[in-house]
Amino acid sequence: MNLTILGCYAATPRTFTNPTSQVLEIKNRLFLIDCGEGTQVQLRKNKIRFSRINHIFISHLHGDHFFGLVGLVSTFMLLNRTTDLHIYGPKGIKEIINLQLKLSNSWPNYGLFFHELESKESEVVFEDDKVIVKTIPLKHRVYTNGFLFQEKAGARKLDLNAVQNYEIDKCYYQNIKNGKDITLDDGRIIENHKLTFDPILPMSYAFCSDTAYDESIIPIINEVNVLYHESTFLDTEETLAGKTMHSTAKEAAMIALKANVKQLILGHYSTRYDSIELFREQAETIFPNVLLADDGKSYEF
């Protein structure tokens with residue numbers, strides 16, 4: 001599982017920082033999460049192939065999370081894209097993007113499919129044979145979702161020594177990998193756990209931006225491998241965090257602690273602070289495993 005941060009700062013773009021956007025590669029699937037201004041440039045800087053992006057997830061309709069979307073959709077057209085593009089986001093995103101495309105006479109020559117979200121409960125929005133994606137309802141000034149990306153458990157690993165000891169024919173190997181017990185010619189049933197090893201544990205990634213401190217998300221993100229949680233403010237601006245429905249670094253750490261996650265990544269920093277290291281220092285007083293997102297950073301998990 002690989003995560004590339006394209007942008008992770010709040011509010012307006014600057015010459016050296018970008019608003020929210022990131023790319024998650026999981027089970028050879030590539031997902032774009034949020035699409036603030038400058039996302040196309042950041043994709044090119046990080047050498048991410050546009051053609052690999054088939055699914056885009058938009059958390060909410062504040063500009064620093066989706067103002068780069070129509071430009072990316074239009075660029076795909078200029079690049080003669082033919083593959084379908086699926087966009088998952090709040091109700092209204094289809095109207096916004098289609099109006100921009102209509103008035104600019106920039107209709108794409110590929111399939112553009114919107115999956116508009118309005119449920120306030122967690123729901124599955126994407127699933128294939130390798131990955132499942134669920135929403136994480138967040139508490140913000142407008143309708144907002146985070147997204148939980150989970151690998152599906154792989155096939156069990158064949159214990160060749162055990163299989164050969166029981167003289168099991170190779171034609172049954174796939175059934176054994178699929179978890180089935182095997183009946184020998186003499187009628188004995190060999191339980192699957194005696195013939196296989198457990199598969200590699202599936203990975204999971206939770207993206208939570210933007211949101212006020214909200215413990216109701218804990219059951220959804222419980223024990224995820226990696227949690228990205230917004231940390232717009234330090235605790236000196238805790239009152240402002242409450243008014244704007246954002247989180248502090250310490251609040252993000254508290255969510256990570258209570259959800260028993262393995263790794264916390266902080267992001268969506270207010271640009272009022274001189275150093276983002278201050279966010280790590282405050283978060284680590286509550287939760288030990290803290291990483292700082294920054295534009296252009298990549299993480300391998």
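The values are calculated or read from the model by the stated rules, or taken from the named source; none is laboratory data. This one's a predicted model, so the numbers in the text were calculated from it and none came from an experiment. Cβ sites come from the backbone with ideal geometry, for glycine too, and all protein chains shown count toward neighbours. For accessibility, only protein heavy atoms count, side chains too; no ligands or nucleic acids. Shrake-Rupley method; radii C 1.70, N 1.55, O 1.52, S 1.80 Å.
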- prompt: Is it true that PRO19 is modelled with pLDDT under 95 and over 20 Å from ILE132 (Cβ atoms)?
  reply: no
- prompt: Of all residues in the range 70-84 being β-branched (Val, Ile, Thr) and not in a loop (DSSP other than H, G, I, E, B), which is surrounded by the most Cβ atoms within 10 Å (Cβ to Cβ)?
  reply: VAL73
task: Check off (1) within 15 Å of GLY68 (Cα to Cα); (2) open to solvent by less than 30 Å² (accessible area, probe 1.4 Å) for THR4 and give me the number that stays unchecked.
output: (1)
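Rundown of residues vs (1) of a type in the set (Lys, Arg); (2) under 19 Å from the mean Cα position of the chain (by Cα); (3) over 30 Å from MET245 (Cα atoms), yes/no style:
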| position | (1), (2), (3) |
| --- | --- |
| ASN98 | no, no, no |
| HIS115 | no, yes, no |
| LYS134 | yes, yes, no |
| ARG141 | yes, no, no |
| LEU148 | no, yes, no |
| LYS152 | yes, yes, yes |
| LEU158 | no, no, yes |
| LEU195 | no, no, yes |
query: Are any residues in the range 51-69 under 13 Å from ARG29 (Cα atoms), in a helix (DSSP H, G or I) and in contact (Cβ under 8 Å) with a residue 24 or more places away in the chain, and if so, which ones?
result: SER51
- request: Can you tell me which residue within the range 7-31, out of those that are free of Cβ contacts under 8 Å to residues at least 40 places away in the same chain and of a type in the set (A, V, I, L, M), is surrounded by the fewest Cβ atoms within 10 Å (Cβ to Cβ)?
  value: LEU30
message: Anything in the range 85-129 that is farther than 20 Å from ASP34 by Cβ, part of a loop (DSSP other than H, G, I, E, B) and of a type in the set (Asp, Glu)? List them, or say none.
response: GLU121, ASP128, ASP129
task: Please find, within the range 191-245, the residue that is nearest to ILE168 (Cα to Cα) out of those that are among the aliphatic types (A, V, I, L, M), at pLDDT below 95 and touching a Lys or Arg at 6+ places or on another chain (Cβ under 9 Å).
output: LEU195
- prompt: Residue check: is LEU117 surrounded by 12 or more Cβ atoms within 10 Å (Cβ to Cβ) and touching a residue at least 12 places away in the same chain (Cβ under 8 Å)?
  reply: yes
task: Could you figure out which of (1) surrounded by 12 or more Cβ atoms within 10 Å (Cβ to Cβ); (2) within 30 Å of SER216 (Cα to Cα) isn't true of ASP128?
output: (1)
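Would you kindly identify the helices (runs of 4 or more DSSP H) lying entirely within the range 171-265 that contain at least 3 residues that are open to solvent by 10 Å² or more (accessible area, probe 1.4 Å) and without any contact (Cβ under 8 Å) to a residue 60 or more places away in the chain? Can you show your working first?
Numbers: elements: 173-177, 218-221, 238-244, 249-258.
Where helices (runs of 4 or more DSSP H) fall fully within the range 171-265 and carry at least 3 residues being open to solvent by 10 Å² or more (accessible area, probe 1.4 Å) and without any contact (Cβ under 8 Å) to a residue 60 or more places away in the chain, they are 173-177, 238-244, 249-258.
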- prompt: Only one of these conditions is not met by LEU99: (1) farther than 30 Å from LYS152 by Cα; (2) touching a Lys or Arg at 6+ places or on another chain (Cβ under 8 Å). Which number is it?
  reply: (2)
